[in-house]
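Heads up, the thing below is written out as structure tokens.
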Amino acid sequence: SALLIGVLRVVSQAQVPTVMSILPQLLQHFSTTKLPAYDIPLDIVLEYVTICSTPELNANGGELATQLQTYYPAMVELCKRALEAEEDDRSQERALRLLQLLLHCALTPQSQSAIAEVTAVLFRSVMSAQEGDYSVHTVMPVLSLWAARCPDQLRAACGTVAPGVAPIRFLKASRRFKQAVCQVGLLQAALVAQSASPAPADEFWELYFSSCAETLRPDGKSGVNSSLGILSKAFALRSAATGKLPRAVRLMKALDVASVPPGLVIPPEANAQQVACQWFFQGSWSLVQGLISQSNVTVPAWLGGGPP
């Protein structure tokens, strides 16, 4: 297993068809065998999804990404089993990262539908738990990406938890991240949740605008998910324990890309914070105005004309 992971991390474009040919058998094995642990199967599948989402390995304009859609039910089922298993945090974290990549790479309604059940269960579990009972930096990027890619699914899920809980949880989570791309994704999720299951208006808007102020603070945000540093250390430790595996460079890059909300493009030399904030405030303005018009609250005078 360690050797396969090492091969997948350094596979060349010419070798991709060979390694992809054994993916169906691996998924079949994982689905029909009682696994003693989930961390190694999840590591293997994470590397496969990374290969399929790496542009330089896709020789025919995204053919691998299209091929990957066939295996979504089996990969999502692996995530589900790992999240339900009473194992250590390592397997849980890998399952969440795999779910995040699958959300990012889902190209068809069928793929999004395959993810819907497990993500909705995760959402209900998080929103019903006490704050502090889950890792914000691993769970919330998954849920914010879900809100961006499948907003109707999130709105439906909001009806299964206590009213007003989800918008406040997303806003509070946004303040736990240092990078603007992560913050704006969670602010966007909060607005979607507020449109479906509104929190008390005064509480929501006070927290929303103070969270926006945190996002706008010029403190040198890089735009890279702060949780990736933790994940890098975990993979580094795993590599050290399994005979010096090659570093998961492609996987870390894929997770970095998946942390950016869909539609947000940050040029290489641009200020990530400025680009992310401009994208979010301009894109969300009509939704903000619509939600405010439904709330009997006092708002700043500049709201009538657009973002300050």
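Some notes on this structure:
- Probing with 1.4 Å while keeping every protein chain in the model, the per residue accessible area of the chain equals 46 Å².
- Stretchable slack from E84 to A270, in nm (0.36 nm times residue separation minus alpha-carbon distance): 62.9 nm
- Extreme residue, positive dipole direction of the stretch 1-123, given options S111, A37, N58 (C-beta unit charges): N58
- Cα-centre dipole for the stretch 1-107 with unit charges at Cβ (Lys and Arg positive, Asp and Glu negative), debye to 20: 200
- Ranking Y38, Y48 from most to least accessible surface, computed with a 1.4 Å probe over the protein chains only, gives Y38, Y48.
- Shape of the stretch 82-203, Cα gyration tensor, a/c cut at 1.5: rounded
- The dipole here belongs to the stretch 136-203: it is taken about the Cα centre, uses +1 on the Cβ of Lys and Arg and -1 on the Cβ of Asp and Glu, and is about 280 debye.
- Kyte-Doolittle at least -1.0, axis length at least 27 Å by Cα - qualifying DSSP helices, the chain: 109-128
- With N the number of residues in the chain, Rg(Cα) / (2.2 N^0.38 Å) evaluates to 1.03.
- A prolate overall shape is assigned to the stretch 1-85, the ratio a/c of its alpha-carbon gyration tensor axes (a ≥ b ≥ c) being 1.5 or greater and a/b exceeding b/c.
- E206 accessible area, assembled protein chains, probe 1.4 Å, Å²: 140
- Cα gyration tensor category, rounded, prolate or oblate, for the stretch 119-190 with a/c compared to 1.5: oblate
- Remark: the chain carries a charge dipole of roughly 460 debye about the Cα centre, counting +1 on each Lys and Arg Cβ and -1 on each Asp and Glu Cβ.
The values are calculated or read from the model by the stated rules, or taken from the named source; none is laboratory data. Remember, it's a predicted structure, so these values are computed and weren't measured experimentally. Heads up, the Cβs are rebuilt from the backbone with ideal geometry, glycines too, and the neighbour counts pull from every protein chain shown. What goes into the accessible areas is simple: the full protein's heavy atoms, side chains included, and nothing from ligands, DNA or RNA. Shrake-Rupley method; radii C 1.70, N 1.55, O 1.52, S 1.80 Å.
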